[in-house]
Each structure stands twice: as C-alpha cells, then as structure tokens.
Amino acid sequence: MRVYVPLTLPGLAEAYKAGEVGAGPLTAYAVTPGLREWYVSDDIEELEYAALSRAALASLRLLAADPDAARRRVVVAVDVPDGTATDDPDRGLDPDALGEVRIAGAVALARAAAVHVDADDAEADVTAAAGAVEAAAGGDDDAQFVVDGAEDHELLWFATQEIPNLVNPV
C-alpha cells in the first residue's frame, strides 16, 4: 500500500539522518474507502493524487507550527505492507480526515518510492498559506483563498537518491 507522509524539509533531514520516517505513530494519507467514496472515482492515479494533496495540506499545517522551517511542503511517498496503515472507519467520511491513516511505528526511509517538494517559486504562496491554514480550517473564505494559492503549485517529484541534495543544498 502506498502512503503519503507529510513532512517539512527539517523533518526530511531528520528522517534521512535516522534512516526512518518518524517514531510512530505516524499520520499519513492513502487511498482509503472514505477517500474513494468522497471523490467518487475508480481511477487509482486520480485517487493517489488526492491522497498526495491531502498530505500536502498536512505538510502546510506542519509548516505553520514550525516558523523556522523552509517554506516548502514536503511529502514522502512510502510503500508499506498491507495492514500497516489503518484508517478510522468512524472518521472515514469526515472531510477533515479524508484519506488519513495511522502507522503504528517508524517506517524505514528505504521503503520510500519518491519525495515530493515545492519548487522555489512556490515559497511566497506557501508562506502565506502556512499563515492562513488554521483560519481556513475554521471556515474563513479569504484564508481558504490564500491556502488555495499554495495548492495551485504542483509538488515536484524527486527520486529517493536525491534526498541528500534536498536536505543539504549546495
């Protein structure tokens, strides 16, 4: 099963140094029954993109909590054994929990398939969105417009071999 783990660049640097993502339990995003029902799609690529987008929003929340982190959303795509990631069926259709799964323990970074990171040109919009994400979650339409500005930027795809360059730029 592919899961999408939201991080920041400092979080990715920690994962690279430790060789694993988090100590668990981890919150990640995946194609869950609730996500399938919400998006009413059978296209797995579309559903995985939706899960990736949910993780990117969670990364934005991590950025809001860490003002010193570089203003770039980070999502690590990780393949975990089936049954490792579990969703809460009681929250499956809750819009705030769509695609959310829990992983009990740390996940080896070696299981990562790819890393998705914002380009440099997204920094201004991501900075503004990190400042507005909580107000948007509270229903503020103007703040949601700001968050949507960050979501307009596509995350770039990086091979796992490129992680050292992402966390230690030249």
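No lab work stands behind these numbers, since they all come straight from the coordinates. In this text the structure is predicted, and so the values were computed from the model without any measurement. Here Cβ is always computed from backbone atoms with ideal geometry, including for glycine, and neighbour counts include all displayed protein chains.
Just a few scattered comments:
- Charge context of G11, other residues only, Cβ under 15 angstrom, K/R +1, D/E -1: 0
- Gyration tensor over the Cα atoms of the chain: the corresponding equivalent ellipsoid has semi-axes (square roots of 5 times the eigenvalues, largest first) of 22, 22, 14 Å.
- Selected from V3, G34, I44, residue furthest toward positive end of dipole (the stretch 1-47; charges at beta carbon): V3
- All Cα pairs of the stretch 82-170, percent lying beyond 18 Å: 64 percent
- Placing +1 on the Cβ of every Lys and Arg and -1 on the Cβ of every Asp and Glu, with nothing else charged, gives the stretch 2-165 a dipole about its Cα centre of roughly 760 debye.
- Cα lying deepest toward the dipole's positive end in the chain, options A112, L63, V146, charges on Cβ: A112
- At least 24 Å along the helix axis (C-alpha) and Kyte average at least 0.0, DSSP helices within the chain: 44-65
- Peptides 27-36, 143-152, ordered by how many other C-beta atoms sit within 10 Å of their residues on average, highest first, read 27-36, 143-152.
- Tail fraction, Cα-Cα pairs, the stretch 1-78, threshold 17 Å, whole percent: 46 percent
- Contact order relative to length of the chain, as percent, for alpha carbon pairs under 8 angstrom and 6 or more apart: 29 percent
- Distance from the C-alpha centroid of the stretch 47-61 to that of the stretch 118-161: 11 Å, rounded to the whole angstrom.
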